[in-house]
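Since the structure comes first, as structure tokens, the remarks are kept for the end.
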Amino acid sequence: MEKKKAAALILLAILGFSIAVGLSAYHRAVRPGESFHLFYQFPAKKARPIVFQYGGGGFAKLLDPNTLEVTIALTNRDRKPHMVGFELENLPPNIHVHWSNFYTKGFDKEAKAYLQPVPPKARVSVHLTFFLEDVGGKPVVYSGYFKVYDRATGETLLKIPIKILNVKAGVR
């Protein structure tokens, strides 16, 4: 009986790992440059930019043609807690954003903020889905920033440059 349980557990572990790897490979093949899961630390003076390649096509674009997604995981590397809030700067009216969260409790999508302080070394995340309308032939659809700030002090903790490039307009 113990051997059957052990074999079943091993089989489940292999199956779970295979599903995770398979979905990741499928995701990279179907939506390259249109969906990201990125990790950052705050406070920080600089951050690597997020660059979307919009309009590349693929099977997923038949079902969901005008969306781009990013999950941003943020770790507080400061020695003190921060009441974090988020803002997208320079967002044009033809881009609508749905704010959500999968991993951490306490996120208020209306306020675009966490309701509890983020302790040192703790991680929080936010998921953004961009819905694009009337992109036309513009080579750069959006150039702005995802700002992380302390709601208690107003201090900017991190600014991540975000660019959405229109592949259909010949930009890569």
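When TYR103, TYR114 are checked against the criterion of being farther than 13 Å from PHE130 by Cβ, touching a strand residue (DSSP E or B) at 6+ places or on another chain (Cβ under 9 Å) and buried (at least 16 other Cβ atoms within 10 Å of the Cβ), TYR114 stands alone in meeting it.
A count restricted to the stretch 1-50 and to residues that are at pLDDT 80 or above and part of a loop (DSSP other than H, G, I, E, B) stands at 7.
A single member of VAL97, VAL84, VAL126 is out of contact with any helix residue (DSSP H, G or I) (no Cβ under 8 Å at 6 or more places or on another chain) and in contact (Cβ under 8 Å) with a residue 60 or more places away in the chain, and it is VAL84.
Any residue in the stretch 51-59 that is of a type in the set (S, T, N, Q) and at pLDDT 95 or above? Checked against the condition, which is being of a type in the set (S, T, N, Q) and at pLDDT 95 or above, the stretch 51-59 yields no hits at all. Is it the case that ASP78 is of a type outside the set (Ser, Thr, Tyr) and within 17 Å of PHE39 (Cβ to Cβ)? In short, yes.
Report yes if some residue within the stretch 94-111 is assigned to a loop (DSSP other than H, G, I, E, B) and closer than 16 Å to TYR54 by Cα; otherwise report no. Taking every residue of the stretch 94-111 in turn, at least one turns out to be assigned to a loop (DSSP other than H, G, I, E, B) and closer than 16 Å to TYR54 by Cα.
The values are calculated or read from the model by the stated rules, or taken from the named source; none is laboratory data. The structure displayed is predicted, hence computed values, not measured ones. In this analysis, Cβ positions are derived from the backbone assuming ideal geometry, glycine residues included, and neighbour counts consider all displayed protein chains.
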